[in-house]
1. Give me the angle, in degrees from 0 to 90, between the Cα long axis of helix 160-175 and the longest principal axis of the Cα atoms of the chain, rounded to the nearest 10.
2. Would you please give the FRET efficiency between T357 and D144, computed as 1/(1 + (r/R0)^6) with r the Cβ-Cβ distance and R0 = 45 Å, to the nearest 0.05?
3. Which order do the peptides 210-217, 44-51 come out in when sorted by mean C-beta neighbours inside 10 angstrom, highest first?
4. Which one of L227, P253, A313 has its Cα pushed farthest toward the positive end of the charge dipole of the stretch 213-328, where Lys and Arg give +1 and Asp and Glu give -1 at the Cβ?
5. Obtain the nm distance between the two label points defined at T137 and E247 by a simple spin-label model: each point lies 7 Å from its Cα along the Cα-to-C-beta direction.
6. Taking the 0 to 90 degree range and rounding to the nearest ten, how far is the long axis of helix 425-434 tilted relative to the main principal axis of the chain, both from C-alpha atoms?
7. Calculate, for L430 and T305, the FRET efficiency according to 1/(1 + (r/R0)^6) with r their C-beta to C-beta distance and R0 41 Å; round to the nearest 0.05.
8. Pull out the extension gain between V122 and C229, defined as 0.36 nm times the separation in residues minus the alpha carbon to alpha carbon distance; nm, one decimal.
Amino acid sequence: MADGEAVPERPLTSGRAGKGRDLTSGPIAGTLLAFALPTLGSNILQSLNGSINTIWVGHFLGEAALAATSNANIIMFLMFGAVFGFGMAATILVGQAIGRGDIDAARRAFGTAVGLVLGGAVVIAALGWIFAPQILTLLATPGDAFPLALAYLRVIFLSLPASMLSVLVMMGLRGTGDSTTPFWFMALSVVIDAGLNPFLIAGIGPFPQMGIAGSATATLIANHISLGCLILFIYARDLPLRLRGSELGYLKPHGPLVRTITTKGLPIGAQMLVISSAGLAMAGLVNRQGVETVAAYGVAQQLWTYIQMPALAIGAAVSAMAAQNIGAGRWDRVDRITRAGLLTNLALTGVMVAATTVFDRTVLGLFLAEGSPSMPIAQHIQLVAAWGFILFGATMVLFSTVRANGAVVAPLVMLFVSMYPVRLGFVAALLPAWGADALWWSFPAGSVANLMMAAAYYRYGNWRGGALLAPEPAECMEQAHAGGEPAGRVHPTG
């Protein structure tokens with residue numbers, strides 16, 4: 001089938017009601033862009049939410065509070081990564097099952113992932129609340145920011161289970177080919193969160209004055225309301241991932257699926273842990289440069305979230321499309337999906353880098369007061385490091401394709417090398433001579449190394465040799481009744 005040929009969407013055949021978008025036919029570039037745009041919109045809204053909240057915190061509470069939220073958000077990314085990999089593995093299973101037209105297998109994988117992720121999130125939230133002071137101490141959080149960071153972090157930990165479940169549901173929906181529904185419910189969460197922030201921080205009207213804890217409380221409320229409405233919508237529209245009747249038993253993790261999801265999910269989660277731990281190490285180094293530099297770094301990270309949004313959206317689209325096509329046996333389309341992703345990333349991420357570099361002072365002025373000593377520092381950080389996100393986006397596309405076929409260990413190894421021996425090694429070698437510039441230049445240095453390794457693996461690696469397929473329902477039942485040790489399966493493909 002030639003790329004560009006218009007083909008009617010193939011219905012999903014499982015013998016059950018369900019709606020999903022077929023990503024295995026039709027024009028590749030157009031389909032990828034149509035799928036990526038709502039995901040990009042979700043990323044924009046999520047980042048806009050964080051930026052608006054940062055604006056409220058900065059203007060109401062000052063630079064010490066900005067430093068506190070910067071440290072706390074890095075920690076939350078670390079906690080998020082601990083269970084995120086399970087959701088990503090389940091999303092790949094869902095995508096491959098949808099590609100085969102097997103909705104029941106998609107529901108089994110999704111149900112098991114919900115059980116695993118929700119349980120893990122509750123444990124992490126409890127441990128995070130208890131050990132928040134020790135975590136902030138290890139991070140070398142500046143003394144004037146410490147009590148603010150503690151108050152903020154503890155409330156954010158309480159919101160983690162709902163936040164993780166929301167992310168998992170949205171990832172699952174994208175695996176079915178639906179990137180529009182997550183966009184609308186992300187919008188709902190953003191409106192509630194950003195709207196409540198000033199009222200709970202400053203105690204406007206009938207609301208209590210909670211300071212920085214009010215910002216975190218707004219996030220907690222928004223996460224729970226948005227999740228509840230999303231679940232109601234899924235059932236009202238009878239979307240593919242809804243579970244009814246005996247299907248609710250899928251929420252109890254099944255042995256073979258647990259083995260498959262954990263075997264593939266742990267390396268994916270470990271990738272986020274590598275990123276987070278390297279970020280924590282970098283934050284510790286930045287913290288030693290003083291509060292002004294910490295605030296500048298935190299604001300620069302706000303810009304970076306916008307710069308990397310196209311890459312993340314394109315990566316999600318490539319992953320969903322590649323998984324469905326692999327599940328359908330359409331290998332002729334997989335390389336073309338990757339090429340389309342690389343070209344789209346170059347165009348969109350390049351525009352973001354140019355825009356945020358040219359108008360950096362205007363954008364940074366949203367977070368920093370006029371005459372702030374952090375302003376020139378943040379401008380310098382942006383100029384040195386931002387261009388590396390074009391390379392980051394290309395790496396995301398390559399990793400998304402190989403992960404869609406269950407290849408998760410090699411990306412983990414490459415990411416570790418780029419973050420530790422390259423990035424942190426770069427800082428250790430050049431910090432005495434370059435000072436803080438060594439911190440900022442280490443970001444593009446790591447991106448160059450990661451892209452070179454990813455391109456070599458995509459071209460010469462053996463990632464095409466095995467597919468991440470969900471165990472058959474019969475096998476799940478046999479394992480459950482036998483009570484034996486579960487065994488996941490990795491099947492070769494033609």
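The values are calculated or read from the model by the stated rules, or taken from the named source; none is laboratory data. It should be emphasised that the depicted structure is a prediction, and the values quoted were computed from it without experimental measurement. FYI the Cβ positions are ideal-geometry reconstructions off the backbone, even for glycines, and counts take in every protein chain you see. The accessibility values were calculated without ligands, DNA or RNA, using every heavy atom of the protein model including side chains. Shrake-Rupley method; radii C 1.70, N 1.55, O 1.52, S 1.80 Å.
1. 50
2. Calculated transfer efficiency: 0.90.
3. Numbers: 210-217: 23.2, 44-51: 19.2.
Most protected by this proxy first, the peptides run 210-217, 44-51.
4. Value computed over the given set: P253.
5. 4.9
6. Tilt of helix 425-434: around 20 degrees.
7. The computed FRET efficiency comes out at 0.95.
8. Values: separation 107, 0.36 × 107 = 38.52 nm, distance 2.07 nm.
Separation in residues times 0.36 nm, less the Cα-Cα distance, equals 36.4 nm.
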